[in-house]
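For reference, the structure discussed in these notes is given below.
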Amino acid sequence: MKKLIIIASIILAAVSCDIIGEGSNQRDSRMKDESVWLVRSYLVLPAYYVDFMLLVDDYMQAPEGQKDSSIYSKVRDALFKGDGESWLVEDFGILDTGGKSLHEPGTVWKLDFTDNYYGIDLEGFYFECVSEDLWSVVASDDNVTAVSRGDEGVLTLATFGERKTPDGYDCSFRTEGEFQIILDKEDSRRCLSVKGKFVHSVGRGNDVLETCEAVYQGNEYPAVFNLWK
């Protein structure tokens, strides 16, 4: 229960932050690029994946007479039955539902990526239904994103986390306050709106070397970057 409370408040993890041997301007540019990458990997993609997984679940639970509905056309085109309770989801990977509904609290679905479609260094996600409108998305690196689905397609997310970079630095990140994403109903891989504040930093142990704060005000690219050392 304590873990779920933590997940619901904020969540997830980090990326490569090599800052040795570069000029200040180069480091600042890299911090900005990494910030956008982190938001893409741990906020935008979990929002998209949860949205699609719930559509897959709705399709699986729908009566046979309703499965032909146009609302499920993307699912019908992408979903192929595998062994047991596993499915191949085209452009996603291998999905194991355990034969349960993702709308049922306690249910966990596992998705293993079959290819690096989005250019992220993750191997897959676990999706867990925490409550009626709250899901946790656990990445293969054990970092977690909380996703809450509200009215009119608004997804509220929270994330925090940390990991070692390839060169041995400590890199951490988190959302601050409310972070919201609205996906395009016609193309859910595109965001209509991204709003919120995202912070990540790099350092050694307790020594923080540089921090980047990105403020999103509606677009997929931050309106403001604040950097400090």
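Quick notes on this structure:
- Whole-Hz Karplus values for the range 212-225 come out as 10, 10, 10, 10, 9, 10, x, 9, 6, 10, x, 7, 9, 10 Hz, taken residue by residue from phi with 6.51 cos²θ - 1.76 cosθ + 1.60 and θ = phi - 60°; glycine and proline positions read x.
- Taking amide H atoms as placed 1.01 Å from N in the peptide plane, the amide H of Ser193 lies under 5 Å from those of Ile182, each 5 or more residues away in sequence or on another chain.
- Separation of the range 123-158 from the range 202-227 is 22 Å, based on Cα centroids.
- Restriction of the GluC sites (Glu not before Pro) in the range 133-192 to DSSP coil positions whose beta-carbon has at most 11 other beta-carbons within 10 angstrom yields Glu186.
- Estimated dipole of the range 97-229 in Debye, rounded to 20 [Cβ of Lys and Arg +1, of Asp and Glu -1, Cα centre]: 160 debye
- Sequentially through the range 179-185, phi angles give Karplus couplings (6.51, -1.76, 1.60; θ = phi - 60°) of 10, 10, 10, 10, 8, 5, 5 Hz, Gly and Pro residues having no value and appearing as x.
- For Phe179, distant residues with modelled amide H under 5 Å away: Leu157
- Within the shell defined by Cβ-Cβ distances under 12 Å, the residues around Ser69 carry a net charge of 0, with Lys and Arg each +1 and Asp and Glu each -1.
- Set of the range 25-52 residues, backbone N closer than 12 Å to the point 7 Å along the Cα-Cβ line of Leu209: 27-28, 31
- Distant-in-sequence amide H partners of Leu209 (H built 1.01 Å from N, under 5 Å): Val202, Gly203, Arg204
- Furthest towards positive pole of dipole, Ser188, Ser86, Ser69, structure part the range 57-207, Cβ charges: Ser188
- Within a straight-line Cα-Cα reach of under 24 Å, Lys164 can be paired with the following lysines, leaving aside sequence neighbours fewer than 8 residues apart in one chain: Lys3, Lys32, Lys197, Lys229.
- Using the Cβ-Cβ distance between Glu123 and His103 with R0 set to 22 Å, the FRET efficiency works out to roughly 0.30.
- Legend: residues His103, His200, sorted from most to least accessible area (1.4 Å probe; ligands, DNA and RNA excluded), read His103, His200.
The values are calculated or read from the model by the stated rules, or taken from the named source; none is laboratory data. Every value quoted in this text rests on a predicted model; they were computed, and no experiment measured them. Positions of Cβ are generated from backbone atoms using ideal geometry, with glycine treated the same way; all protein chains shown enter the neighbour counts. Please note that ligands, DNA and RNA were not included when accessible areas were found on the heavy atoms of the full protein model with its side chains. Shrake-Rupley method; radii C 1.70, N 1.55, O 1.52, S 1.80 Å.
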